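Structure first, then comments.
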There are 2 protein chains.
Amino acid sequence: ALRGLRAAFALPTRGSVAPDTAPAAERDAPTVYLCGNSLGLQPRAARQLVLEEMDVWAQRGVNGHFDHPEGRPWVAIDETVVGKMARVVGAEAEEVAVMNSLTVNLHLLMVPFYRPTAARYKILFEEKAFPSDHYALESIARFHGHDPADALVLVSPRAGERTLRTEDILKKIDEHGETVAVVIFSGVQYYTGQFFDIKTITAHAHTKGCVVGWDLAHAVGNVPLWLHDWEVDFACWCTYKYLNSGPGSIGGAFVHKKHGKSQDRPRLAGWWGHDKVTRFKMDNCFVPMSGAAGFQLSNPSVLNTVCLLASLNVFEQTTMTELRAKSELLTGYLELLLQDVVLKDFPGVFTILTPTDVAQRGCQLSLLFTSGNVNALHRDIEAEGVICDKREPDVLRIAPVPLYNSFGDVQRFVEILATVLRRHAAAASAGSA
Amino acid sequence: ALRGLRAAFALPTRGSVAPDTAPAAERDAPTVYLCGNSLGLQPRAARQLVLEEMDVWAQRGVNGHFDHPEGRPWVAIDETVVGKMARVVGAEAEEVAVMNSLTVNLHLLMVPFYRPTAARYKILFEEKAFPSDHYALESIARFHGHDPADALVLVSPRAGERTLRTEDILKKIDEHGETVAVVIFSGVQYYTGQFFDIKTITAHAHTKGCVVGWDLAHAVGNVPLWLHDWEVDFACWCTYKYLNSGPGSIGGAFVHKKHGKSQDRPRLAGWWGHDKVTRFKMDNCFVPMSGAAGFQLSNPSVLNTVCLLASLNVFEQTTMTELRAKSELLTGYLELLLQDVVLKDFPGVFTILTPTDVAQRGCQLSLLFTSGNVNALHRDIEAEGVICDKREPDVLRIAPVPLYNSFGDVQRFVEILATVLRRHAAAASAGSA
Ligand SMILES: Cc1ncc(COP(=O)(O)O)c(C=O)c1O
Ligand SMILES: Cc1ncc(COP(=O)(O)O)c(C=O)c1O
């Protein structure tokens with residue numbers, strides 16, 4: 001059932017990405033796009049949906065909120081995506097909201113879920129978390145009057161290692177658990193590509209009485225998630241990476257059912273979280289919807305929502321289990337070729353930061369180049385038609401996405417990488433000769 | 001310079017709004033759109049900008065963040081609108097950020113600006129504030145451990161009156177000022193259309209040591225604002241009403257320069273507020289940009305931003321002063337015709353809630369129908385080609401927008417209203433005969 005899904009996405013062409021260097025005959029050829037971990041490709045259907053919404057706005061103005069020719073009245077536009085979104089993260093529909101953006105949702109969810117007391121006020125997470133999460137959590141600790149140096153418990157890899165061992169995370173939870181209010185990790189680490197054991201970590205932290213949240217930016221649409229069954233308390237994500245909703249598009253949030261009806265926890269409220277039936281009664285008596293929807297604040301962007309809809313409609317044609325099966329093969333193939341083709345000729349030119357254990361990674365492999373700087377390499381493979389992510393100074397992140405990448409993409413990438421490395425080596429030895 | 005600006009907007013047609021009732025010859029005729037207070041019309045240029053961004057995403061993928069054929073790299077997409085936005089609200093560019101949505105921004109700005117102490121912890125605002133603001137402020141008080149019944153000081157109209165007197169607001173500030181942390185009002189009241197005296201109220205609350213914020217949802221793009229000169233501390237707004245950026249589009253925020261560099265106040269942080277030069281260094285040491293930009297959390301929606309850009313480009317062809325001059329005439333004309341044509345024939349059929357004092361209103365007039373229910377009336381004037389906002393049970397809000405509405409629109413609206421009222425009266429007397 002995966003056959004044909006690639007055709008649902010617009011592949012950037014070599015001519016538009018590198019107009020100066022793409023050979024004339026190759027201008028219309030697709031690039032090898034391995035950057036879905038940063039920005040997913042455009043679902044071809046998105047353009048049509050966006051145009052439809054632009055037309056409704058132009059032709060009906062405000063009436064589009066209630067009277068919509070395509071059956072997507074804007075007042076309930078989130079309902080077009082919530083169920084499909086829930087399916088991708090292994091949640092019930094009422095556990096999911098599509099709203100705001102990732103860092104905003106992290107802050108909004110920490111309001112009910114981080115309830116520091118004198119005895120239990122710490123936040124346990126990774127030392128090398130994505131900066132926005134780090135800034136956010138630090139600012140939250142400060143806001144509650146805590147010194148981040150005291151309130152933030154950071155887990156680091158062992159000396160000489162690059163990724164975290166589950167046992168070390170559990171041990172850290174054991175050591176600090178009694179003082180930790182919230183444990184929060186990324187599902188898949190943005191830099192190393194490590195896929196954490198969400199179920200085990202969540203369950204373990206629960207035994208210590210901690211609330212457990214997850215930033216799923218790099219996990220959603222990449223690996224199968226079962227947030228409900230895993231008893232995750234809350235989670236948030238963006239949808240512009242593996243969910244292909246476009247730059248800066250709308251975010252997602254998960255609140256486990258067991259918390260969804262409770263009003264014991266404070267929340268920052270807004271009218272879009274108010275009971276739909278009485279939302280426009282305007283009597284200023286806040287009655288939240290149950291579930292994640294009750295955490296919405298503002299009416300959501302229609303254009304962003306329908307871009308996400310276009311993508312989720314593709315996900316509906318398959319399952320995360322099926323995608324994961326292909327993903328393991330695809331990334332395994334990448335790993336194999338890198339070893340067989342590149343590392344054999346250029347021993348030690350890079351090391352792979354990502355765990356070799358398939359269960360501990362998503363689709364991305366992160367290559368740390370020992371030469372120390374990947375700028376020239378990145379420029380030159382891009383000129384040959386590869387789009388991938390560079391993390392300065394020395395890392396390339398390569399993400400073959402099972403939804404639209406092929407084994408051929410992986411093969412071409414590795415060939416191009418090898419060719420460019422060969423060229424660089426020749427130039428270097430010519431230079432030193 | 002206003003001549004021709006109407007042509008920059010897409011006017012809904014009668015056929016698309018009321019396919020069943022529009023006469024065949026009138027299907028392509030424009031509706032009388034008087035609902036810019038709810039959702040502004042689509043700037044015609046928005047469609048092209050949106051398509052350009054969809055093309056960049058389709059053709060370049062992630063590279064659009066840095067390498068953009070139209071000179072709008074997404075990584076700095078907010079820079080395409082911030083200066084133009086600042087001009088509309090009377091602010092310096094560094095005082096303005098375009099981000100998130102309105103209620104989100106209200107919450108984010110209350111973090112630094114509402115710093116309750118034992119002695120000063122109250123929030124003073126209108127009894128009949130827009131529900132989202134009411135919910136938000138109530139939830140903020142609760143979050144800080146206060147009982148809203150104690151912490152929220154609400155200002156109400158005098159008995160028998162519908163709008164607030166500035167003197168009463170100032171008096172309330174005098175009475176409670178010592179215990180009030182934040183005074184927050186809407187610039188233009190959503191229901192009554194009252195335009196508050198932002199300068200006077202802000203200055204007065206400052207003499208009592210209060211911080212002063214404004215929700216400018218119905219003020220921005222409607223009335224001239226001089227937020228910087230008025231020494232407003234903070235403000236937030238949406239851009240889908242008088243700023244015509246489309247359903248659920250991006251919000252705005254203002255932080256006065258005098259607060260922009262201070263790090264004394266806590267904030268909820270995110271990577272998009274981090275110094276641009278080092279944002280991607282990822283060293284997890286938060287250094288905010290100075291000004292409002294430092295309050296950004298997430299990378300913003302590109303589609304929403306360019307819709308706003310299309311609208312602000314129209315605003316650039318004029319000034320708020322010029323728009324206001326037309327607006328006073330246009331709304332004055334509406335008021336006059338309503339009195340001369342409608343109220344003369346149907347004395348007392350409605351009262352106008354909006355102040356008659358031009359200085360105390362924006363473009364909107366709110367008509368309170370004494371019959372008690374406007375559903376049939378609203379339906380029937382819509383069938384004749386009028387789009388305006390109904391607030392159940394008994395209010396119609398009529399907003400002639402100087403940017404795209406004409407005196408002819410006002411005239412047609414009044415004629416249609418009179419015609420429908422006549423028809424209803426005839427039907428009623430036939431029914432009772
Ligand atoms: C005065 C006022 N405040 C707040 C809001 C809520 O806006 P949003 O849904 O964009 O947060 C509105 C929406 O119309 C409004 O008119
Ligand atoms: C793991 C992670 N967290 C947070 C963010 C911040 O996302 P946003 O700008 O949408 O808030 C990102 C963005 O790439 C991310 O990868």
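The B and A chains share an interface that buries close to 6500 Å² of accessible area, total over both sides, probe 1.4 Å. Among the GluC sites (Glu not before Pro) in the stretch A:139-194, those located in a DSSP loop and surrounded by at most 12 other Cβ atoms within 10 Å of their own Cβ are A:Glu161.
Using the Karplus relation 6.51 cos²θ - 1.76 cosθ + 1.60 with θ = phi - 60°, the per-residue 3J(HN,Hα) values for the stretch A:342-348 come to 8, 5, 5, 7, 10, x, x Hz, with x marking Gly and Pro. Nearest chain B C-beta to the B/A rotation axis, reported as residue and distance in angstrom, is B:Leu303, 2. In this structure, the amide hydrogen of B:Phe350, modeled 1.01 Å from its nitrogen in the peptide plane, lies closer than 5 angstrom to those of B:Thr370, counting only residues at least 5 positions away or on a different chain.
So, counting K/R as plus one and D/E as minus one, what does the shell of residues with Cβ under 13 Å around B:Leu368 add up to?
Net charge around B:Leu368: +1.
Mean separation of Cα pairs under 8 Å and 6 or more residues apart, divided by the residue count, gives chain A a relative contact order of 22 percent. Hull volume per residue, based on the alpha-carbon atoms of the stretch B:196-353 and their convex hull, is 163 Å³.
Rolling a 1.4 Å probe over the protein heavy atoms gives the stretch B:31-162 an accessible area of 32 Å² per residue.
Across the stretch A:350-359, coupling constants 3J(HN,Hα) worked out from phi with the 6.51/-1.76/1.60 Karplus curve, θ = phi - 60°, read 9, 10, 8, 6, 5, x, 6, 5, 4, 5 Hz, and Gly and Pro carry x. Using C-alpha pairs below 8 Å separated by at least 6 residues, the relative contact order for the stretch B:1-143 is 12 percent. Going by a ≥ b ≥ c, the root eigenvalues of the Cα gyration tensor, does the stretch B:1-152 fall in the rounded group (a/c under 1.5), the prolate group (a/b larger than b/c) or the oblate group? Because a/c hits 1.5 or more and a/b fails to exceed b/c, the stretch B:1-152 counts as oblate.
Between B:Ala10 and B:Gln42, B:Arg44, the built amide H atoms are under 5 Å apart, and every one of these is 5 or more places off in sequence or on another chain. Considering only A:His176, A:Gly193, A:Leu154, the residue lying farthest towards the positive end of the dipole of the stretch A:153-202 is A:Gly193, judged by Cα position with unit charges set on Cβ. Once the Cα atoms are used to define both axes, helix A:407-432 deviates from the longest principal axis of chain A by about 50 degrees. The charge dipole of the stretch A:384-433, taken about its Cα centre with unit charges on the Cβ atoms of Lys, Arg (+1), Asp and Glu (-1) only, comes to about 80 debye.
Peptide packing for A:188-199, B:373-384, B:202-213 was compared via the average number of neighbouring C-beta atoms within 10 Å per residue; ordered from the highest value, the list is A:188-199, B:202-213, B:373-384.
Quote the relative contact order of the stretch B:326-374 in percent (integer), defining contacts as alpha-carbon pairs under 8 Å separated by 6+ residues.
Here the relative contact order equals 40 percent.
Looking at the stretch B:137-285, the DSSP beta bridges with both ends there are about 45 percent antiparallel.
Placing A:Asp275, B:Asp133 in order of accessible area, with the largest value first and a 1.4 Å probe, yields A:Asp275, B:Asp133. Inter-copy label distances at B:Thr318, shortest first and taken from points set 7 Å along Cα to Cβ: 5.2 nm.
Would chain A count as rounded, prolate or oblate if I go by the C-alpha gyration tensor, calling it rounded below 1.5 in a/c and otherwise prolate when a/b exceeds b/c, oblate otherwise? In terms of gyration-tensor shape, oblate.
A 1.4 Å probe, protein heavy atoms only, puts the accessible area of A:His65 near 30 Å². Over 18 Å apart at the Cα level, from the set B:Lys171/B:Lys199; A:Lys84/A:Lys276; B:Lys122/B:Lys208; A:Lys261/B:Lys122; B:Lys241/B:Lys390; A:Lys128/A:Lys172, are A:Lys84/A:Lys276; A:Lys261/B:Lys122.
Considering only A:Ile398, A:Met320, A:Val302, the residue lying farthest towards the positive end of the dipole of chain A is A:Val302, judged by Cα position with unit charges set on Cβ. Partner chain Cβ atoms within 10 Å, averaged over the residues of A:94-105 - can you pull that number for me? Neighbouring Cβ atoms belonging to other protein chains average 4 per residue here.
Using a probe of 1.4 Å, the accessible surface attributed to B:Tyr121 totals some 30 Å² when neighbouring protein chains are kept in position.
DSSP beta bridges fully contained in chain A are about 55 percent antiparallel.
For the stretch A:116-124, 3J(HN,Hα) computed residue by residue from phi via the Karplus equation (6.51, -1.76, 1.60; θ = phi - 60°) reads x, 10, 4, 8, 9, 9, 8, 10, 9 Hz, glycine and proline entered as x. Once all protein chains are placed together, A:Thr419 keeps about 70 Å² accessible to a 1.4 angstrom probe. A cut-off of 5 Å between modelled amide H atoms, ignoring neighbours fewer than 5 places along the same chain, links A:Val155 with A:Phe125, A:Glu126, A:Glu127. What's the angle, to the nearest 10 degrees (0 to 90), between helix B:44-60's Cα axis and the longest principal axis of chain B? Approximately 40 degrees, to the nearest ten. Of A:Glu335, B:Glu415, the residue with the largest accessible area leads and the full order is B:Glu415, A:Glu335 (1.4 Å probe). Sorted from nearest, the other copies put their B:Asp275 label points 5.1 nm away, the label point being 7 Å from Cα in the direction of Cβ. Lys and Arg at +1, Asp and Glu at -1: add these up for the other residues within a Cβ distance under 11 Å of A:Trp230 and post the number. Result for the neighbourhood of A:Trp230: -3.
Springs join every pair of Cα atoms under 10 Å in this Gaussian network model of chain A, and among A:Asn63, A:Asn284, A:Asn304 the largest mean-square fluctuation is at A:Asn284.
Kirkwood's formula applied to the C-alpha pairs of the stretch A:309-363 gives a hydrodynamic radius of 13.1 angstrom. As I understand it, the value is the acute angle between the Cα axis of helix A:302-315 and the longest principal axis of the Cα atoms of chain A; what does it come to in degrees, rounded to 10? Compared with the principal axis, the helix lies near 60 degrees. The charge dipole of chain A, taken about its Cα centre with unit charges on the Cβ atoms of Lys, Arg (+1), Asp and Glu (-1) only, comes to about 180 debye. Rounded to the nearest 20, the Cβ-based charge dipole of the protein assembly as shown about its Cα centre (Lys and Arg +1, Asp and Glu -1) stands at 60 debye. For chain B, the mean residue ellipticity at 222 nm estimated from helices alone is -10500 deg cm²/dmol, where every DSSP H run of n ≥ 4 contributes -39500 (n - 2.57) and the total is divided by all residues, rounded to the nearest 500. GNM remark for chain B: springs join alpha carbons under 10 Å apart, and the peak mean-square fluctuation among B:Pro393, B:Pro300, B:Pro12 falls on B:Pro393. Classify the protein assembly as shown as rounded, prolate or oblate, taking a ≥ b ≥ c as the square roots of the eigenvalues of its Cα gyration tensor: rounded when a/c is under 1.5, otherwise prolate if a/b is larger than b/c and oblate if not. Prolate. Restricting attention to the protein assembly as shown, close to 55% of DSSP beta bridges with both partner residues there are antiparallel.
The values are calculated or read from the model by the stated rules, or taken from the named source; none is laboratory data. Predicted model, so just to flag it, every value in this text is computed and none were measured. Ideal geometry is used to build each Cβ from the backbone, glycine not excepted, and the neighbour counts take in all protein chains shown. Quick note on the areas: whole protein, heavy atoms, side chains included, nothing else; ligands and nucleic acids left out. Shrake-Rupley method; radii C 1.70, N 1.55, O 1.52, S 1.80 Å.
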